[in-house]
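K.L.:
Take this structure, written in structure tokens, and hold onto it; I'll ask about it next.
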Amino acid sequence: MTIRSEILGCGSYLPERCVTNDELAKTVDTSDEWIRSRSGIGQRHIAAEGEYTSDLALNAAKRALEHAGIDASEIDLVICATTTPDNTFPSTATKVQHRLGMTNGAAFDVQAVCSGFVYGLAVADNFIKCGQAKTALLIGAETFSRILDWNDRSTCVLFGDGAGAVVMRARDEEESGAGGNGKGHNSGRGVLSTHIHSDGSNYDILYVDGGPSTTQTVGHVRMNGREVFRHAVTNLASIVDEALEANGLERSDIDWLVPHQANKRIIDSTARKLGMSEDRVVLTVEKHANTSAASIPLALDTAVKDGRIQRGDLVLLEAMGGGLTWGAGLVRW
Ligand code: UT7
């Protein structure tokens, strides 16, 4: 018996308040033209006062459970990918676990900044494959607005708040369809493989200048955008090849690219490398901005709910973020 993690459903949540580039330009020395042309961002959602990462996460989780047709009592693993937890501890995942009425299973956070969702996917998939969990709730949730320096125009215009979630369940590969139609391992539904990397030597090109052990303050995002951009283009190109090679697949086999939404120019570069036309790339950066660990599940949920991603489609997820961390996941939806 070979176990595979099938994705049963997804959900997402955005805070109500939406801030356009023009609104931002009233308080920061920037313009809609600069933000759109450099990043593809047109607006971002910002959490209300008193609305926390766990609130966004809980809303996305409830929608994912409903879409999956799963009761919270069936979940035995909750992973929340976040860099902006409600508190230094305990984890946001345990808060969500409690608010879902769960008293069993394990819950913890994964911290890999913008790569958090792909890291979480790797952790959940491996827990499921080794038999330690049967049904996992994986959430990416962030309130990046709380760690932005609103006087630093080079960072504050780029990020937004939001959350997305998926429900994953162990399924016997034969039952999930692999091999049944003559196409072999890659035709069965579920996570085909995950690939994660990090390189701590580039710590200082994207980081937060505070924390419990250093300044005892939360700190603000600091970024050398040009350097991050350069590494993103290179690392994402290589991770995409790694994921395809691991499965004996060709670039042309991919139906949908669901990338981390940091910058449209970075996404265009990956799509070009894959020879994918724009209509096969799920783009939400214009509406959501960069929501860090939440951006992939937000984009995934958008394209599943509007009917673009269909059961059986091959979906490539990829991300790069602070650390540096980067990774990819190939999923047969
Ligand atoms: O989620 C993963 C982490 N993040 C990323 O992947 C982001 C990667 N980097 C990027 O997306 C891009 O580098 C940015 C969008 C951040 C910046 O684009 P860029 O083309 O690399 O611009 P730049 O940083 O080289 O700045 C160009 C100019 C500078 O002025 P000078 O020095 O040329 O006179 C900046 O001061 O643009 C200026 N600038 C702005 N102007 C208007 C920087 N921010 C702004 C702003 N509005 N908001």
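The values are calculated or read from the model by the stated rules, or taken from the named source; none is laboratory data. The structure displayed is predicted, hence computed values, not measured ones. Cβ atoms come from the backbone with ideal geometry, glycine included; neighbour counts cover every protein chain shown. Surface accessibility is based on the protein's heavy atoms, side chains included, excluding ligands, DNA and RNA. Shrake-Rupley method; radii C 1.70, N 1.55, O 1.52, S 1.80 Å.
K.L.:
Select from region 27-62 the residues that are more than 13 Å from the ligand (Cβ to nearest atom) and assigned to a loop (DSSP other than H, G, I, E, B) and write down the one among them that is surrounded by the most Cβ atoms within 10 Å (Cβ to Cβ).
P.N.:
47
K.L.:
Give me the strands (runs of 3 or more DSSP E) completely within region 76-171, filtered to those with at least 3 residues that are open to solvent by less than 20 Å² (accessible area, probe 1.4 Å) and within 19 Å of residue 222 (Cβ to Cβ), ordered by residue number. Full working, then the answer.
P.N.:
On the way: elements: 77-81, 106-110, 135-143.
Counting at least 3 such residues, we get no strands (runs of 3 or more DSSP E) at all.
K.L.:
Report yes if some residue within region 243-252 is without any contact (Cβ under 8 Å) to a residue 12 or more places away in the chain, in a loop (DSSP other than H, G, I, E, B) and open to solvent by 30 Å² or more (accessible area, probe 1.4 Å); otherwise report no. So that I can check it myself, show each step before the final result.
P.N.:
Residues of region 243-252 without any contact (Cβ under 8 Å) to a residue 12 or more places away in the chain: 245, 250.
Subsequent filtering for residues that are in a loop (DSSP other than H, G, I, E, B) retains 250.
Next, from what is left, pick out any that are open to solvent by 30 Å² or more (accessible area, probe 1.4 Å): 250.
Yes, the conditions are met somewhere in region 243-252.
K.L.:
Shifting gears a bit: Among 187, 198, which is the only one that is away from the ligand (no atom under 16 Å from the Cβ), surrounded by fewer than 19 Cβ atoms within 10 Å (Cβ to Cβ) and touching a residue at least 60 places away in the same chain (Cβ under 8 Å)? Can you show your working first?
P.N.:
Values: 198 fails: away from the ligand (no atom under 16 Å from the Cβ).
None of the other options fit; the residue is 187.
K.L.:
For region 63-75, enumerate the residues that are closer than 22 Å to residue 116 by Cα and not in a helix (DSSP H, G or I).
P.N.:
75, the sole residue that qualifies.
K.L.:
For region 226-253, give me each residue that is within 16 Å of the ligand (Cβ to nearest atom) and among the acidic types (Asp, Glu).
P.N.:
227
K.L.:
Also, quick follow-up: Kindly establish whether residue 193 is in the same structural domain as residue 327 (by TED's automatic domain parsing) and part of a loop (DSSP other than H, G, I, E, B). Quick ask: steps written out before the conclusion?
P.N.:
Numbers: in the same structural domain as residue 327 (by TED's automatic domain parsing): yes; part of a loop (DSSP other than H, G, I, E, B): no.
When the stated conditions are applied, residue 193 does not pass them.
K.L.:
Something else: With respect to residue 210, is the statement that it is open to solvent by less than 30 Å² (accessible area, probe 1.4 Å) and over 19 Å from residue 118 (Cβ atoms) true? Steps first, answer last, please.
P.N.:
On the way: open to solvent by less than 30 Å² (accessible area, probe 1.4 Å): yes; over 19 Å from residue 118 (Cβ atoms): yes.
Against the criterion (open to solvent by less than 30 Å² (accessible area, probe 1.4 Å) and over 19 Å from residue 118 (Cβ atoms)), residue 210 qualifies.
K.L.:
Let me ask something else. What are the residues in region 80-105 that are among the hydroxyl-bearing types (Ser, Thr, Tyr) and within 15 Å of residue 56 (Cα to Cα), if any? Outline the logic, then answer.
P.N.:
Initially, region 80-105 is screened for residues among the hydroxyl-bearing types (Ser, Thr, Tyr), giving 82-84, 88, 91-92, 94, 103.
Listed by number, the residues that qualify are 82, 83, 84, 91, 92, 94.
K.L.:
Would you confirm, using the coordinates I've provided, whether residue 71 is free of Cβ contacts under 8 Å to residues at least 40 places away in the same chain and either away from the ligand (no atom under 14 Å from the Cβ) or under 18 Å from the mean Cα position of the chain (by Cα) (or both)?
P.N.:
On the way: free of Cβ contacts under 8 Å to residues at least 40 places away in the same chain: yes; either away from the ligand (no atom under 14 Å from the Cβ) or under 18 Å from the mean Cα position of the chain (by Cα) (or both): yes.
The answer is yes for residue 71.
K.L.:
Further question: Please work out if residue 118 is within 13 Å of the chain's Cα centre (by Cα), of a type in the set (Val, Ile, Thr) and either more than 22 Å from residue 243 (Cβ to Cβ) or at pLDDT 95 or above (or both). Can you show your working first?
P.N.:
Details: within 13 Å of the chain's Cα centre (by Cα): yes; of a type in the set (Val, Ile, Thr): yes; either more than 22 Å from residue 243 (Cβ to Cβ) or at pLDDT 95 or above (or both): yes.
So residue 118 passes the test.
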